[in-house]
Structures are given as C-alpha cells and as structure tokens.
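Novice: One structure, pasted below without further comment.
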Amino acid sequence: MPRLNKLTLNIGAYSSTCTNEAVNSLRPFTELFPAVTELYITDMGSTGILNSLFPEGFRAPMIEKCAFPEIATIDSATALNLALGFTGLKKIRISPLRPSKILPIIFGNMSGLEELYIKFKSNVKRLCGDAALTGIPRDVCRTIRKQENWNVDLMEVKTAPGLSDLKSKPCHCHL
C-alpha cells in the first residue's frame with residue numbers, strides 16, 4: 001500500500017491466532033507502508049508481532065503522529081527501539097500502565113516531540129505519576145509530598161529523563 005498515509009492497527013486481534021512462523025515472516029512496517037505519516041495502534045497485543053513489524057534498528061522518519069494504547073506488555077528494550085525508530089515523531093498519545101519504565105525512555109530519546117498526550121489511570125497517577133514525569137525517584141517524590149518540602153533542588157535528586165528534557169522545542173503536554 002504505497003500511498004496509504006493514515007493507518008490504524010489492532011495487533012492484539014491477531015496475537016492469539018498467529019503462529020510463530022507467521023509472526024516471523026512479517027515484513028517490517030516501513031516496507032509494508034512506506035508513506036504512512038499517522039499510525040494508531042489500538043491494541044498492542046503480543047510483543048512478537050510488534051517486534052516483527054518494528055525490528056531492532058528500524059527507522060520510520062516519515063511517522064509524525066502516533067498513538068499507543070495501554071502499553072503494559074511492552075518491555076523497556078522494545079520501548080527504546082520504538083523511541084529511536086520514530087525519529088520524525090512530533091505528536092504521540094500514550095496510556096502507559098507502567099509510566100516509570102516507559103516515560104523516561106520517551107523523554108530521553110524523543111526530544112523532537114511537539115505534542116505529548118499522556119492518559120494515566122487513576123491508580124497509576126497516584127502511585128508514580130510524579131516520579132515518571134519528573135525523573136525523580138519515587139521515594140524522593142513521596143518524601144517531598146509527605147514533608148511538604150517544596151524547596152528541594154530537583155536537578156540534584158533527578159536520576160532519569162523527565163518532562164523537562166523535552167524543552168528543545170516548544171512542547172504541549174496534555175495529562
């Protein structure tokens with residue numbers, strides 16, 4: 001489909017019925033859909049299909065907008081591969097179930113983002129949303145909140161990339 005520019009994938013619909021042989025025979029996304037600039041994944045499904053479509057080291061600079069659902073099944077290595085592969089990404093919509101694992105990868109490797117939409121589940125926001133957004137360890141965030149000590153030099157306690165690392169361009173963040 002060489003002229004298709006918007007694509008919605010439901011990987012989960014196929015992950016339980018695809019054999020390993022079928023998954024391994026998938027061609028990379030950029031070969032199948034070279035002109036797609038907007039990619040919406042409605043169900044991540046198995047990482048096997050995801051890794052076949054987006055093999056390690058892939059590059060898809062033509063993708064400018066992307067939406068990922070709850071990405072609970074994605075591991076850090078796959079998240080890093082996706083972050084490095086979508087080099088032209090300007091807008092991303094995610095709903096991470098493990099934001100402390102996924103968001104630092106996005107903040108540290110997708111500095112060209114102009115719009116970031118993050119949908120937290122209420123329990124995720126309460127548990128580790130602050131840590132995931134700032135790059136400050138979870139225990140330090142808890143201590144700051146508990147003691148109401150808002151005069152902490154955040155750059156001294158930060159240990160991972162955070163939202164502030166996207167400041168190379170004006171970035172709109174919607175939480």
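The values are calculated or read from the model by the stated rules, or taken from the named source; none is laboratory data. If you're wondering where the values come from, they're calculated on a predicted model, not measured in any experiment. Don't worry about glycine lacking a Cβ; one is built from the backbone with ideal geometry, like all the others, and counts go over all protein chains shown.
Novice: What residue, of Ala35, Ala67, Ala83, is at pLDDT 75 or above and in a helix (DSSP H, G or I)?
Specialist: Within the list Ala35, Ala67, Ala83, the selection yields Ala83.
Novice: Could I ask something else about it? Where the second residue is modelled with pLDDT under 85 and in a helix (DSSP H, G or I) and the first is under 11 Å from Glu38 (Cα atoms) and lies in the stretch 80-93, which pairs have Cβ atoms under 9 Å and are six or more apart or on separate chains?
Specialist: Final answer for the pair search is Ile92/Ile106.
Novice: Just for the stretch 146-173: of the residues that are at pLDDT 80 or above and part of a helix (DSSP H, G or I), which one is surrounded by the most Cβ atoms within 10 Å (Cβ to Cβ)?
Specialist: Val157
Novice: Hey, another quick one. Please work out which residue is farthest from the chain's Cα centre (by Cα), limiting yourself to the stretch 112-145 and to residues that are in a loop (DSSP other than H, G, I, E, B) and modelled with pLDDT under 75. Write out each step before concluding.
Specialist: Taking the stretch 112-145 first, the residues in a loop (DSSP other than H, G, I, E, B) are 112-114, 119-121, 135-137.
Now restrict to residues that are modelled with pLDDT under 75: 120-121.
Working: Phe120: 13, Lys121: 15 Å.
Checking each candidate, the answer is Lys121.
Novice: Follow-up. How many of the residues making up the stretch 90-111 are in a strand (DSSP E or B) and either over 21 Å from Ile63 (Cα atoms) or touching an Asp or Glu at 6+ places or on another chain (Cβ under 8 Å) (or both)? Full working, then the answer.
Specialist: Step one: of the stretch 90-111, the residues in a strand (DSSP E or B) are 91-95.
From what's left, either over 21 Å from Ile63 (Cα atoms) or touching an Asp or Glu at 6+ places or on another chain (Cβ under 8 Å) (or both): 91-92, 95.
Counting residues in the stretch 90-111 that are in a strand (DSSP E or B) and either over 21 Å from Ile63 (Cα atoms) or touching an Asp or Glu at 6+ places or on another chain (Cβ under 8 Å) (or both) gives 3.
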